[in-house]
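Engineer: Handing you a structure now.
The values are calculated or read from the model by the stated rules, or taken from the named source; none is laboratory data. What you are looking at is a predicted structure, and each value in this text was computed from that prediction instead of being measured. Here the Cβ is made from the backbone with ideal geometry for all residues, glycine too, and neighbour counts use every protein chain on show. Accessible surface is based on the protein model in full, side chains and every heavy atom, while ligands, DNA and RNA are left aside. Shrake-Rupley method; radii C 1.70, N 1.55, O 1.52, S 1.80 Å.
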Amino acid sequence: MLKQISKETANRFCGLVIGPAGIGKTSLIRTILGQEYDEASRTWKQVSEPEGLVCTLSAEAGLLCVRDLVAAGKIEGFEISSFQDLREAITALQDSEAVKRYRWVFVDSLTEIASRCVEAMKAKYPSGGDSFKMWGEYNDQMTYIIKALRDMTQYNVVLTCLESMEFDENRRRVIAPMISGSSVKERLTSYFDEVFHVENVMDDQGIAHRVFNTASPIGLSKDRSGMLDAYEAPNLLTVFKKIMNQ
(Lines give C-alpha, C1' and ligand atoms only; values in the text may rest on other atoms or scores of the structure.)
Protein backbone atom coordinates (compact mmCIF):
# COMPACT_ATOMS: atom_id res chain seq x y z
CA MET A 1 0.00 0.00 0.00
CA LEU A 2 1.38 3.40 -0.96
CA LYS A 3 2.37 5.78 1.82
CA GLN A 4 2.03 9.49 1.39
CA ILE A 5 4.97 11.76 2.15
CA SER A 6 4.53 13.35 5.55
CA LYS A 7 6.28 16.05 7.54
CA GLU A 8 6.93 13.51 10.31
CA THR A 9 9.11 11.34 8.08
CA ALA A 10 10.77 14.35 6.46
CA ASN A 11 11.67 16.05 9.75
CA ARG A 12 14.15 13.48 10.95
CA PHE A 13 17.90 13.12 10.98
CA CYS A 14 19.71 10.11 9.60
CA GLY A 15 23.45 10.38 9.31
CA LEU A 16 26.73 8.53 9.13
CA VAL A 17 29.70 9.68 11.21
CA ILE A 18 33.13 8.49 10.06
CA GLY A 19 36.36 9.01 11.97
CA PRO A 20 39.54 7.47 13.37
CA ALA A 21 39.63 5.36 16.51
CA GLY A 22 39.75 7.37 19.72
CA ILE A 23 38.45 10.66 18.33
CA GLY A 24 35.21 10.44 20.30
CA LYS A 25 32.53 8.99 18.05
CA THR A 26 30.83 7.04 20.85
CA SER A 27 30.81 10.07 23.15
CA LEU A 28 28.65 11.87 20.57
CA ILE A 29 25.73 10.19 22.36
CA ARG A 30 26.27 12.81 25.06
CA THR A 31 25.51 15.62 22.63
CA ILE A 32 22.10 14.13 21.84
CA LEU A 33 21.43 14.21 25.58
CA GLY A 34 22.17 17.92 25.78
CA GLN A 35 25.80 17.82 26.90
CA GLU A 36 28.77 19.77 25.53
CA TYR A 37 32.46 19.18 26.06
CA ASP A 38 34.22 21.99 27.91
CA GLU A 39 37.80 22.06 26.64
CA ALA A 40 39.03 24.24 29.49
CA SER A 41 37.95 21.80 32.22
CA ARG A 42 38.05 18.72 29.98
CA THR A 43 34.66 17.64 31.24
CA TRP A 44 31.18 17.20 29.80
CA LYS A 45 28.57 19.68 31.00
CA GLN A 46 24.80 19.66 30.73
CA VAL A 47 23.75 22.70 28.71
CA SER A 48 20.26 21.81 27.46
CA GLU A 49 17.44 19.35 27.90
CA PRO A 50 17.90 15.89 26.31
CA GLU A 51 16.27 15.40 22.92
CA GLY A 52 14.48 12.24 24.05
CA LEU A 53 15.82 8.87 25.11
CA VAL A 54 18.56 7.20 23.06
CA CYS A 55 18.53 3.51 22.17
CA THR A 56 22.12 2.42 21.57
CA LEU A 57 23.08 -0.63 19.52
CA SER A 58 26.62 -1.29 20.76
CA ALA A 59 28.76 -3.66 18.73
CA GLU A 60 32.01 -2.19 20.10
CA ALA A 61 33.90 -3.48 23.14
CA GLY A 62 31.69 -1.42 25.46
CA LEU A 63 30.42 1.98 26.49
CA LEU A 64 33.17 2.93 28.91
CA CYS A 65 33.26 6.57 27.84
CA VAL A 66 29.56 7.02 28.66
CA ARG A 67 29.29 4.62 31.59
CA ASP A 68 27.93 7.37 33.86
CA LEU A 69 24.99 7.88 31.48
CA VAL A 70 24.34 4.14 31.35
CA ALA A 71 24.39 3.99 35.18
CA ALA A 72 21.98 6.94 35.34
CA GLY A 73 19.57 5.20 32.98
CA LYS A 74 19.93 7.88 30.30
CA ILE A 75 21.27 5.40 27.75
CA GLU A 76 19.45 2.17 27.01
CA GLY A 77 19.84 -0.37 24.25
CA PHE A 78 21.35 -3.67 23.24
CA GLU A 79 24.77 -5.30 23.12
CA ILE A 80 25.34 -6.60 19.60
CA SER A 81 27.63 -9.62 19.81
CA SER A 82 26.38 -11.39 16.70
CA PHE A 83 24.66 -10.61 13.42
CA GLN A 84 21.52 -12.30 14.76
CA ASP A 85 21.55 -9.91 17.74
CA LEU A 86 21.39 -7.00 15.31
CA ARG A 87 18.42 -8.44 13.45
CA GLU A 88 16.60 -8.98 16.74
CA ALA A 89 17.39 -5.42 17.84
CA ILE A 90 15.94 -4.00 14.61
CA THR A 91 12.79 -6.08 15.14
CA ALA A 92 12.54 -4.85 18.76
CA LEU A 93 12.76 -1.23 17.60
CA GLN A 94 9.78 -1.75 15.32
CA ASP A 95 7.59 -2.47 18.35
CA SER A 96 5.10 0.28 19.15
CA GLU A 97 6.32 0.58 22.75
CA ALA A 98 9.89 1.21 21.54
CA VAL A 99 8.61 3.86 19.13
CA LYS A 100 6.88 5.62 22.04
CA ARG A 101 9.96 5.35 24.27
CA TYR A 102 12.86 6.36 22.05
CA ARG A 103 13.55 9.39 19.88
CA TRP A 104 17.05 8.44 18.70
CA VAL A 105 18.88 5.26 17.67
CA PHE A 106 22.67 5.33 17.89
CA VAL A 107 24.56 2.50 16.14
CA ASP A 108 28.16 1.98 17.23
CA SER A 109 29.61 0.91 14.89
CA LEU A 110 29.10 -0.28 11.31
CA THR A 111 32.73 -1.43 11.24
CA GLU A 112 32.06 -3.96 14.00
CA ILE A 113 28.67 -4.94 12.60
CA ALA A 114 30.34 -5.75 9.28
CA SER A 115 32.84 -7.92 11.17
CA ARG A 116 29.95 -9.81 12.80
CA CYS A 117 28.42 -10.32 9.37
CA VAL A 118 31.70 -11.68 7.96
CA GLU A 119 31.91 -14.10 10.90
CA ALA A 120 28.37 -15.32 10.21
CA MET A 121 29.08 -15.77 6.50
CA LYS A 122 32.33 -17.67 7.13
CA ALA A 123 30.47 -20.02 9.46
CA LYS A 124 27.84 -20.58 6.77
CA TYR A 125 30.40 -21.03 3.96
CA PRO A 126 33.44 -22.75 5.56
CA SER A 127 34.82 -23.99 2.25
CA GLY A 128 37.28 -21.76 0.41
CA GLY A 129 35.52 -22.70 -2.80
CA ASP A 130 32.42 -20.85 -1.64
CA SER A 131 34.15 -17.48 -1.41
CA PHE A 132 32.14 -15.97 -4.26
CA LYS A 133 28.84 -17.04 -2.67
CA MET A 134 29.98 -15.89 0.75
CA TRP A 135 30.85 -12.35 -0.33
CA GLY A 136 27.73 -12.12 -2.48
CA GLU A 137 25.53 -12.94 0.49
CA TYR A 138 27.59 -10.66 2.73
CA ASN A 139 26.93 -7.75 0.36
CA ASP A 140 23.21 -8.54 0.31
CA GLN A 141 22.98 -8.87 4.10
CA MET A 142 24.94 -5.69 4.86
CA THR A 143 22.98 -3.70 2.31
CA TYR A 144 19.74 -4.91 3.89
CA ILE A 145 20.91 -4.03 7.41
CA ILE A 146 22.20 -0.56 6.48
CA LYS A 147 18.95 0.28 4.68
CA ALA A 148 16.83 -1.18 7.50
CA LEU A 149 18.63 1.05 10.02
CA ARG A 150 18.49 4.08 7.74
CA ASP A 151 14.80 3.62 6.99
CA MET A 152 13.55 3.49 10.60
CA THR A 153 11.55 6.66 10.02
CA GLN A 154 10.14 6.71 13.56
CA TYR A 155 13.58 7.69 14.87
CA ASN A 156 16.50 9.97 14.29
CA VAL A 157 19.30 7.54 13.43
CA VAL A 158 23.07 7.95 13.77
CA LEU A 159 25.55 5.32 12.61
CA THR A 160 29.28 5.49 13.29
CA CYS A 161 32.07 3.93 11.26
CA LEU A 162 35.84 3.77 11.63
CA GLU A 163 37.98 5.22 8.88
CA SER A 164 40.87 3.63 7.02
CA MET A 165 43.65 5.06 4.89
CA GLU A 166 43.78 3.57 1.40
CA PHE A 167 45.31 4.30 -2.00
CA ASP A 168 43.29 5.43 -4.99
CA GLU A 169 44.01 4.56 -8.63
CA ASN A 170 46.70 7.25 -8.72
CA ARG A 171 48.39 5.86 -5.61
CA ARG A 172 47.29 8.81 -3.51
CA ARG A 173 46.34 8.22 0.12
CA VAL A 174 42.62 8.69 0.69
CA ILE A 175 40.27 8.27 3.63
CA ALA A 176 37.64 5.55 3.29
CA PRO A 177 35.09 3.86 5.56
CA MET A 178 36.60 0.87 7.36
CA ILE A 179 34.10 -1.75 6.31
CA SER A 180 34.53 -5.15 4.65
CA GLY A 181 33.48 -5.69 1.06
CA SER A 182 34.44 -3.35 -1.76
CA SER A 183 30.84 -3.07 -3.00
CA VAL A 184 29.48 -2.09 0.41
CA LYS A 185 32.36 0.32 0.98
CA GLU A 186 31.87 2.09 -2.37
CA ARG A 187 28.12 2.59 -1.88
CA LEU A 188 28.02 3.27 1.85
CA THR A 189 27.94 7.07 1.88
CA SER A 190 25.37 7.15 -0.95
CA TYR A 191 22.75 5.73 1.42
CA PHE A 192 22.77 8.84 3.65
CA ASP A 193 21.89 12.51 3.22
CA GLU A 194 24.29 13.54 5.98
CA VAL A 195 27.83 12.15 6.23
CA PHE A 196 30.31 13.78 8.60
CA HIS A 197 34.03 13.16 8.93
CA VAL A 198 35.22 13.73 12.50
CA GLU A 199 38.66 15.32 12.54
CA ASN A 200 40.90 17.72 14.41
CA VAL A 201 41.64 21.16 12.96
CA MET A 202 44.14 23.72 14.24
CA ASP A 203 43.08 27.25 15.18
CA ASP A 204 45.29 30.33 14.81
CA GLN A 205 46.98 29.56 18.14
CA GLY A 206 47.88 26.04 17.02
CA ILE A 207 45.29 24.43 19.29
CA ALA A 208 43.46 21.41 17.89
CA HIS A 209 39.67 21.37 17.93
CA ARG A 210 37.45 18.45 17.03
CA VAL A 211 34.95 19.20 14.25
CA PHE A 212 32.47 17.65 11.86
CA ASN A 213 33.76 18.17 8.32
CA THR A 214 30.58 18.22 6.23
CA ALA A 215 32.13 18.98 2.83
CA SER A 216 35.40 17.11 2.33
CA PRO A 217 36.90 14.82 1.33
CA ILE A 218 34.48 14.86 -1.59
CA GLY A 219 32.77 11.50 -1.78
CA LEU A 220 33.14 10.92 1.94
CA SER A 221 31.51 13.94 3.65
CA LYS A 222 28.32 15.66 2.51
CA ASP A 223 25.39 17.76 3.65
CA ARG A 224 22.32 17.44 1.45
CA SER A 225 20.29 19.74 3.68
CA GLY A 226 22.33 22.73 2.56
CA MET A 227 22.00 24.16 6.09
CA LEU A 228 25.44 23.36 7.46
CA ASP A 229 28.81 25.07 7.24
CA ALA A 230 31.85 23.19 5.98
CA TYR A 231 32.97 22.80 9.60
CA GLU A 232 30.50 22.29 12.40
CA ALA A 233 30.97 21.74 16.11
CA PRO A 234 30.70 17.99 16.78
CA ASN A 235 27.32 18.21 18.45
CA LEU A 236 24.55 16.05 17.00
CA LEU A 237 21.72 17.90 18.71
CA THR A 238 22.98 21.29 17.50
CA VAL A 239 23.42 19.97 13.95
CA PHE A 240 19.96 18.40 14.05
CA LYS A 241 18.34 21.68 15.12
CA LYS A 242 20.28 23.61 12.49
CA ILE A 243 19.15 21.27 9.71
CA MET A 244 15.55 21.44 10.95
CA ASN A 245 15.83 25.25 11.26
CA GLN A 246 14.82 25.11 14.92
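Engineer: Among the lysines, select those whose C-alpha is under 21 Å from the C-alpha of residue 124, and discard any that sit fewer than 8 residues away in the same chain.
Structural biologist: Output for residue 124: 133.
Engineer: Let me ask you something else. At 0.36 nm per residue, and after removing the present C-alpha to C-alpha distance, how many nm does the segment from residue 153 to residue 210 gain when stretched out fully?
Structural biologist: Full extension of this stretch gives 17.6 nm more.
Engineer: Quick check: the distance between the Cα centres of region 126-175 and region 74-90, to the nearest angstrom?
Structural biologist: Here the two parts' Cα centres lie 18 Å apart.
Engineer: Give, in nm to one decimal, the length gained when the segment between residue 68 and residue 43 is fully stretched (0.36 nm per residue of separation minus the Cα-Cα distance).
Structural biologist: Details: separation 25, 0.36 × 25 = 9.00 nm, distance 1.26 nm.
Stretched out fully, the residue 68 to residue 43 stretch lengthens by 7.7 nm.
Engineer: Give the separation of the Cα centroids, region 217-246 to region 30-56, in Å.
Structural biologist: Here the answer is 18 Å between Cα centres.
Engineer: Take region 55-190, drop everything but the C-alpha atoms, weight them equally and run the Debye formula without solvent; then report log10 I(q)/I(0) at 0.12, 0.16, 0.19 Å⁻¹ to two decimals.
Structural biologist: Cα-only, vacuum Debye calculation for region 55-190: -0.54, -0.89, -1.15.
Engineer: For the residue pair residue 225 and residue 82, what label-to-label distance in nm results when each label sits 7 Å from Cα along the Cα-to-beta-carbon direction?
Structural biologist: Those two pseudo-labels are separated by 3.8 nm.
Engineer: Also, I was wondering about something else. Sort 38, 68, 140 by accessible area with a 1.4 Å probe, largest first.
Structural biologist: The residues order as 140, 68, 38, largest area first.
Engineer: State which helices in the chain qualify, where a helix is a whole DSSP H run, it must extend 20 Å or more along its own axis by its Cα atoms, and its mean Kyte-Doolittle hydropathy must be at least 0.0.
Structural biologist: Within the chain the helices that satisfy the rule are 110-124.
Engineer: For residue 37, tell me the accessible area in Å² from a 1.4 Å probe, rounded to the nearest 10.
Structural biologist: Probe radius 1.4 Å; accessible area of residue 37 about 100 Å².
Engineer: Sort 17-28, 144-155 for me by packing, meaning the mean count of neighbouring Cβ atoms within 10 Å per residue, highest on top.
Structural biologist: Working: 17-28: 19.2, 144-155: 16.7.
In descending order of packing, they fall as 17-28, 144-155.
Engineer: Over all directions, the average projected area of the alpha-carbon convex hull for the chain comes to how many nm²?
Structural biologist: Projected area, direction-averaged: 16.0 nm².
Engineer: Ok, one more. Output needed: percent of Cα pairs per 5 Å distance bin for region 145-234, bins running from 0 to the one holding the longest distance.
Structural biologist: Reading upward from the zero bin: 3, 12, 20, 23, 20, 14, 6, 3, 1.
Engineer: Rg to Rh for region 153-203: what is it, with Cα atoms only and Rh by Kirkwood?
Structural biologist: Rg/Rh for region 153-203 comes to 1.03.
Engineer: If the elastic network links every pair of Cα atoms under 10 Å, which of 54, 66, 195 fluctuates the most in the Gaussian network model of the chain?
Structural biologist: The residue with the greatest mean-square fluctuation here is 66.
Engineer: While we're on this one: Please quote Rg/Rh for region 101-174 to two decimal places, taking the Kirkwood radius as Rh and restricting both calculations to Cα atoms.
Structural biologist: Answer for region 101-174: 1.08.
Engineer: What does the net charge come to around residue 211 if you take all other residues with beta carbon closer than 11 Å to its beta carbon, with K and R at +1 and D and E at -1?
Structural biologist: Around residue 211, the charge tally is -3.
Engineer: Still on this structure: What figure, in Å² to the nearest 10, do you get for the accessible area of residue 203 with a 1.4 Å probe and non-protein molecules left out?
Structural biologist: 50 Å²
Engineer: Among DSSP beta bridges lying fully in the chain, give the percent that are antiparallel, nearest 5.
Structural biologist: 40 percent
Engineer: Still on this structure, please answer the following. Which order do you get for 171, 101 if you rank them by accessible area with a 1.4 Å probe, largest at the top?
Structural biologist: These residues rank, largest area first, as 171, 101.
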